[in-house]
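First up is the structure itself, then whatever we jot down about it.
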Amino acid sequence: MKRYVFGRGAGLRPVPGAPVGLALEEVDAPKPRAGEVLVAIRANSLNFVDLNCFSGAFPVDGRIPLLDGAGEVLEVGAGVTRFAPGDRVVANPHASWLAGVPRPESVGEVLGITTDGMLAEEVIQREDSLVRIPDALDFVTAASLPCAGLSAWSSLMGGPARFAVAPGSTVLTLGTGGVSLFAVQLARAMGCRVIATTSSASKATRLESLGAAAVVNYQETPEWGARVLELTDGVGVDLVVEVGGPNTLPQSIRATKAGGRIAMVGIVGGLGSIDYVDMLPINHKVLTLFANGMGSRADLEDLLRFAAETGLEPVIDSTFGFDRAADAIAHFAGRGHVGKVVIAREA
Ligand SMILES: NC(=O)c1ccc[n+]([C@@H]2O[C@H](COP(=O)([O-])OP(=O)(O)OC[C@H]3O[C@@H](n4cnc5c(N)ncnc54)[C@H](OP(=O)(O)O)[C@@H]3O)[C@@H](O)[C@H]2O)c1
């Protein structure tokens, strides 16, 4: 079977200038040991953190890339009780976080970063890390959800503390990446009003078509926090799904209502320092900032059930075949995508 692995000096260089490349290997099909499951992967999707792996942020050499993958069980090892051959499954990226509030031992193992990921024709996973895919969801949808979808879901659910948004709440999303578009769609399905930011008029139209009530162009309106306040009659939003990082956080704090919350998700707006003056309103407005680390296996099960019940259809930017995985990653690294970039096999 074929699999990709990260490697310095590896032949494929999907991310221009990045120190870590990609190699395609042909190896014997792995055999599941006790407690393990062999899965034929049908679809993967890409996430911003995969680019961090190519840029050398983590020691990933020799590992199979990608957090996200869904497929069909081929074989189970001794003692496996949760799955049988033919079952459709998707892996939770936090392979050791089963439920509830994370413990130190729950968060050390992340597929595609600290341990082998999903970009192979067949992968071995412990049965504990896998979740059954509801019949209503296809492999591409399932493969789009574990990292970006779960991050959006956990943001709206208030993290492990489960302080979820109520119907009628106003949610602010930033940009049109994978997490943000899922946040728009899930928030709408939960009965929330959505205000979104983006960088272009065409993307604004896309956000409106997904149900955003108002869209602010952050290129044209650098003080977009003030504009969001206007759009909420000076009150502010209940929740920000903060994917931007230090360069967007001051405006996000400004846009949040007193007593509101900010889900700290990512850094797509770039790294840098933040002046404490910009953070003082966290105290003045008694805001809650909470971490987002995707979620547990139980959270992923909840999300898949919600997606199946509400007919969630991910925004798919583009789909590439397994043999063109390097092109898919290069396209994603080009930053022109809207929604999920997918790598799919023939079913
Ligand atoms: N903590 C966790 O467990 C977790 C899980 C998943 C993701 N994340 C993080 O969340 C972030 C988003 O991930 P993703 O996979 O959704 O990323 P992505 O798909 O790569 O997002 C790219 C989009 O970000 C938007 N963007 C860029 N600069 C922006 C800015 N200054 N303000 C607002 N939007 C901006 C752009 O959309 P527009 O052109 O429309 O602005 C761009 O298309 C990443 O930092 C990722 O590492 C964290």
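Worth pointing out:
- Exposure proxy shown here: for Lys340, Lys31, Lys285, the number of other Cβ atoms within 10 Å sets the order, fewest to most, as Lys31, Lys285, Lys340.
- Residue-count net charge about Ala298 - beta-carbon cut-off 12 Å; Lys, Arg +1, Asp, Glu -1: -1
- Distance from the Cα centroid of the range 101-138 to that of the range 8-27 is 23 Å (rounded to whole angstrom).
- Mean residue ellipticity (222 nm) of the chain, computed from DSSP H runs ≥ 4 via -39,500 (n - 2.57), nearest 500: -7000 deg cm²/dmol
- Inter-part distance where the range 237-288 and the range 144-194 are each reduced to a Cα centre, Å: 16 Å
- In a reduced charge model with +1 at each Lys and Arg Cβ and -1 at each Asp and Glu Cβ, the range 281-347 shows a dipole moment near 300 debye about its Cα centre.
- With θ taken as phi - 60° and the Karplus curve 6.51 cos²θ - 1.76 cosθ + 1.60 applied, the whole-hertz 3J(HN,Hα) list for the range 131-142 is 10, 6, 8, x, 4, 6, 9, 7, 5, 5, 4, 4 Hz, x standing for glycine and proline.
- Overall form of the range 1-108: oblate. Here a/c, set by the Cα gyration tensor axes a ≥ b ≥ c, is 1.5 or more, and a/b is not larger than b/c.
- Rounded if a/c under 1.5, otherwise prolate or oblate - the range 151-291, Cα gyration tensor axes: rounded
- Charged side chains reduced to their Cβ positions (Lys and Arg at +1, Asp and Glu at -1) give the range 82-238 a dipole of some 300 debye around its Cα centre.
- In nm, spacing of pseudo-spin labels at Ala189 and Ala291 (7 Å Cα→C-beta vector): 2.7 nm
- For the range 240-347, the convex hull spanned by the alpha carbon atoms encloses 151 Å³ per residue.
- Shown for Cys147, Cys192: other C-beta atoms within 10 Å of each C-beta, ranked fewest to most, produce the order Cys192, Cys147.
- Counted over the chain with a bin width of 20 Å, the fraction of Cα pairs per bin, in whole percents, is 32, 57, 11, 0.
- Beta bridges from DSSP with both residues in the chain: antiparallel share about 55 percent, rounded to the nearest 5.
- Taking a straight Cα-Cα cut-off under 17 Å and skipping sequence neighbours fewer than 8 places away in the same chain, the lysines within cross-link reach of Lys340 are Lys203.
- For the range 210-264, the Kirkwood hydrodynamic radius from C-alpha pairs, put into Stokes-Einstein at 10 °C and a viscosity of 1.306 mPa s, yields a diffusion coefficient of 140 µm² per second.
- Farthest toward positive dipole pole in the range 46-189 [+1 Lys/Arg, -1 Asp/Glu at C-beta], among Leu145, Gln125, Pro59: Leu145
- Leu312, Leu239, Leu66 arranged by Cβ crowding within 10 Å, fewest neighbours leading: Leu312, Leu239, Leu66
- Of Gln219, Gln185, Gln251, the one that fluctuates the most in a GNM where the chain has Cα springs shorter than 10 Å: Gln219
No value in this document is a laboratory result; all are computed from the given coordinates. Note that the structure is a prediction, hence the values are computed from the model and not measured. Glycine gets a Cβ as well: all are built from the backbone with ideal geometry, and neighbour counts include every protein chain shown.
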